[in-house]
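First the structure, which I've put down as structure tokens, then a few questions once you've had a look.
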Amino acid sequence: MTNAQFAFGAAETGSAGLRAARVTRVESIPVMLPLRKHFEHAIGGKRLNLENLIVRLYTDQGLVGLGETQAWRRIGSSDTLRGLKAAIDDILAPQLVGRAVFDAPAILWDFDQALHGSHYAKAPLADALLDLQGQLLGVPASALLGGQSRQSIPISAVLPITRDLQQDVEAGMALFERGFRSFVVKVSPDGGAVQTIQQLRSALPEAVIRLDANASMDFAGARRLSDAVADCDIEGFEQPLPPWDVEGMALLAQLTKIPIIADECVVTAQDLLRVIQTRAAFGFQSKVAKNGGAWRSRDLWSIGAAAGLKIYPGNHPGTSIVTASVAHLAAAWSGPLMEGPFAVGVTDEFAPEVVVEPLTIKGNLLQVPNRPGLGMTIDEKALEKYRIDR
Ligand SMILES: [Mg+2]
């Protein structure tokens, strides 16, 4: 058996062509997606638009791979749309054009040689290669990640900061009514969180509630909040402290009742090892943009799972393209997963779409697409409407 037969089996007809499929052009498209309602967490104030970047990889076989990333530019990400576009167009695209789609591991290695860090810029390219591989083989991206152990993924809802207690409770109850059973409550150091959490807990006695401070608190403030809501049955307190204060989170984990979850402090595998070594958290949240795409995120999941950490599939708000990347990753994961907020952009609470067949959610279950690759096709009219480079 030749390598080609081994690698592509049933797709033997034309397998040489599949194996040889090359990237001919990289297109990076900045989009401004207006949110249906503002999104606010503890750092940087209200956000009225998502600044996302869609990537299209063109091939010599006519297929187009899609990826998406975010210019989150809040703590944990210094990326701007112009910066992401420049990193992709000037540095990463030349590493990619002319290369075979199935050379992805070598391409990702070369990305790291050409540009340190910059996971937010590398992520959409990695995911677009995954998308292309799936399209070339005629299988969903989850099949390339090992197969499918789940056809739908339970997701959690996010309650942003509103400073309106009644609105928070009503929003939580409406989402519970729709089928959501777990909630990420964004909290900040400027107060109000204790009452919100207590009221939500009494309004939703069966809900799973987590807190997320997005790295905004100091040690004393985080300890005070944790103690104040210690009897509210809170599943976890996500990234209470700045990303550099992993030791502080470890001490907080020892001194307070609510378990700690890591997010912004886990970008690389080495970051995750530090969390594990210091026992700073009982779980961690990945984001495909923060962590460099679905493949790199899966590496982190394996390391975390080996250390007994709970895994929360997360993401910044985005369209169905980036959400599909996490959905396929979660679908292919054989171990337990916590309910993560990775689909917050597509729960119709926040972002508009740029694809023709967006992901669907029934209750709190996101359906994993069965189409080849990520399973997403650009809605050209919507893309024209939201792109800001023309
Ligand atoms: Mg978070």
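Looking at (1) under 30 Å from V23 (Cβ atoms); (2) surrounded by 14 or more Cβ atoms within 10 Å (Cβ to Cβ); (3) in contact (Cβ under 8 Å) with a residue 40 or more places away in the chain, which is the only condition S118 fails?
(3)
For region 237-252, give me each residue that is touching a strand residue (DSSP E or B) at 6+ places or on another chain (Cβ under 6 Å) and either among the charged types (D, E, K, R) or closer than 20 Å to Q270 by Cβ (or both).
E238, M249 - these are the residues of region 237-252 that are touching a strand residue (DSSP E or B) at 6+ places or on another chain (Cβ under 6 Å) and either among the charged types (D, E, K, R) or closer than 20 Å to Q270 by Cβ (or both).
For (1) modelled with pLDDT of 95 or more; (2) closer than 20 Å to K287 by Cα, each residue gets a yes or a no:
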| residue | (1), (2) |
| --- | --- |
| E177 | yes, no |
| S182 | yes, yes |
| S188 | no, no |
| A215 | yes, yes |
| G236 | yes, yes |
| P243 | yes, yes |
| L251 | yes, no |
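When residues of region 277-332 are filtered for being surrounded by 24 or more Cβ atoms within 10 Å (Cβ to Cβ), charged (D, E, K, R) and in a helix (DSSP H, G or I), how many remain?
The total comes to 1.
On to the next question. Looking only at residues that are within 16 Å of the ligand (Cβ to nearest atom), in a loop (DSSP other than H, G, I, E, B) and within 17 Å of the chain's Cα centre (by Cα) in region 231-276, which one is surrounded by the most Cβ atoms within 10 Å (Cβ to Cβ)?
V266
Right, next: Any residue that is touching a helix residue (DSSP H, G or I) at 6+ places or on another chain (Cβ under 7 Å) and either in the same structural domain as C265 (by TED's automatic domain parsing) or more than 27 Å from D271 (Cβ to Cβ) (or both) - is there at least one of those in region 101-115? Write out each step before concluding.
Initially, region 101-115 is screened for residues touching a helix residue (DSSP H, G or I) at 6+ places or on another chain (Cβ under 7 Å), giving 101-102, 104, 107-108, 110-111, 114-115.
Still in the list and also either in the same structural domain as C265 (by TED's automatic domain parsing) or more than 27 Å from D271 (Cβ to Cβ) (or both): 101-102.
Looking through region 101-115, at least one residue is touching a helix residue (DSSP H, G or I) at 6+ places or on another chain (Cβ under 7 Å) and either in the same structural domain as C265 (by TED's automatic domain parsing) or more than 27 Å from D271 (Cβ to Cβ) (or both).
Let me ask something additional. Restricting attention to region 30-61, which residues are within 16 Å of the ligand (Cβ to nearest atom) and among the acidic types (D, E)?
Scanning region 30-61 gives a single hit, E40.
Then there's this: Is there a residue being within 24 Å of the chain's Cα centre (by Cα), in the same structural domain as T278 (by TED's automatic domain parsing) and not small (G, A, S) anywhere in region 191-206? Walk me through it before giving the result.
Here is the first cut: in region 191-206, the ones within 24 Å of the chain's Cα centre (by Cα) are none.
No.
Find the helices (runs of 4 or more DSSP H) located wholly in region 80-189 whose residues include 1 or more that are under 22 Å from the mean Cα position of the chain (by Cα), and list them.
On the way: elements: 81-86, 93-96, 104-114, 119-137, 141-144, 165-178.
By residue number, 81-86, 104-114, 119-137, 141-144, 165-178.
Could you list, in sequence order, the residues of region 209-224 that are farther than 21 Å from F39 by Cβ and within 16 Å of the ligand (Cβ to nearest atom)?
Going residue by residue through region 209-224, those that are farther than 21 Å from F39 by Cβ are 218-224.
Answer for region 209-224, where residues must be farther than 21 Å from F39 by Cβ and within 16 Å of the ligand (Cβ to nearest atom): just A222.
The values are calculated or read from the model by the stated rules, or taken from the named source; none is laboratory data. Bear in mind that the values here come from a model prediction, so they are computed numbers and not experimental data. Cβ: placed from backbone, ideal geometry, glycine included. Neighbour counts: every protein chain shown.
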